[in-house]
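Read through the structure below, which is laid out as structure tokens, and then see the notes.
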Amino acid sequence: MVPWLLIAQVNYLWYAVPLIIAVSLVYAATRHEEIVPILMHAGRLALWITGFMAAIFIVLFLISWRL
Amino acid sequence: MSEQATGHEPGKQIDLRDPVVAAVLAWLVPGLGHLYQRRFAKAALFFVCVMTLFVYGLALGSVPEKGWYGRVVYFSWRQEDKRLFYVCQVGAGLVALPALVQAHRMANDRRVWFSGFQAPPRLPNVPAPREDPNRDQPTPHDLHSRLHRYFELGTVYTAIAGLLNILAIYDAWGGPVLPAPKKNDDDEDADETDGEN
């Protein structure tokens, strides 16, 4: 049952993608003035946010295992 | 009054022109403050990012077949419905201001404009009298039952758009936030020597 529930939830995770991109770009743009450093900073930040979300996902997945 | 700020990149000076005017413009329309400062790339970046999130959030909170548009952005400070999200959403500027007009019209028993775009929902526990000009407006229950989770998604998108524009306003006012200056080794050695003495 759990894998099916996960697949159903994955579609909704796509809604996070525009948010991650916009947040990364805007935050990076407040730290730099030139476009190349902004894009590099935004890329690193997007990876960091995605990794953080993945870590939270794994923790929640493990503590809800076989519930 | 023109002010200069030092950019992150070494030796880069930014002409902020009048920072207060730039900040007000940046609030009114995302990126407009940067356009005023002739920082064209950042103006485009802020406009595209903030407006895309805001407009997409409005679209998520719409039910076209019912004629309900942009229902996730509304102002309400009624006893039964205090909309704190609007505090974040209004950061996006002009695009969130119709909500104030609509709330004022509804509070004064006048018909809302534009089919209720950004109008607050009608409260369900208040029986709508026959002469109520807004008795066809949806209640919060109607919105949630039609939009389901998209009501929350649209709310989050528009609220984050408003919050991001506050960062952009700060950037228009003060320039890019500088990282803490790194001390070089000589300075650190000198500090340690001073400490020992």
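Comparison of B:Q137, B:Q118, B:Q102 shows that the only residue that is closer than 30 Å to B:L35 by Cβ and either in a loop (DSSP other than H, G, I, E, B) or among the basic types (K, R) (or both) is B:Q118.
Looking only at the stretch B:38-74, filter to residues that are charged (D, E, K, R) and within 10 Å of chain A (Cβ to nearest Cβ); which one of those is nearest to B:Q137 (Cα to Cα)? Only one residue fits best here, namely B:K42. Could we say that B:V112 is part of a loop (DSSP other than H, G, I, E, B) and within 14 Å of chain A (Cβ to nearest Cβ) here? No. Restricted to helices (runs of 4 or more DSSP H) entirely inside the stretch B:9-60, those with at least 3 residues that are surrounded by fewer than 16 Cβ atoms within 10 Å (Cβ to Cβ) are B:40-60.
Please list, ordered by first then second residue, the pairs with beta carbon atoms under 9 Å, 6 or more apart or interchain, first in the stretch B:12-23 and without any contact (Cβ under 8 Å) to a residue 24 or more places away in the chain and away from every other protein chain (no Cβ under 14 Å), second hydrophobic (A, V, I, L, M, F, W, C) and surrounded by fewer than 16 Cβ atoms within 10 Å (Cβ to Cβ). Within 9 Å, the pairs are B:R17/B:M1; B:D18/B:M1.
Remark: pairs (first residue in the stretch B:137-156, touching a residue at least 24 places away in the same chain (Cβ under 8 Å); second residue of a type in the set (A, V, I, L, M) and not in a loop (DSSP other than H, G, I, E, B); Cβ separation under 6 Å; 6+ apart in sequence or on different chains) = B:R146/B:V63; B:Y150/B:L60; B:F151/B:L143; B:L153/B:L60; B:G154/B:L60. Total residues in the stretch A:41-52 satisfying the condition of being exposed (fewer than 13 other Cβ atoms within 10 Å of the Cβ) and not aromatic (F, W, Y): the figure is 3.
We did not get these values from a lab; they are worked out from the coordinates using the rules stated. All values reported here derive from a predicted model rather than from experimental measurement. As a convention, Cβ positions derive from the backbone with ideal geometry for all residues, glycine included, and neighbour counts pool all protein chains shown.
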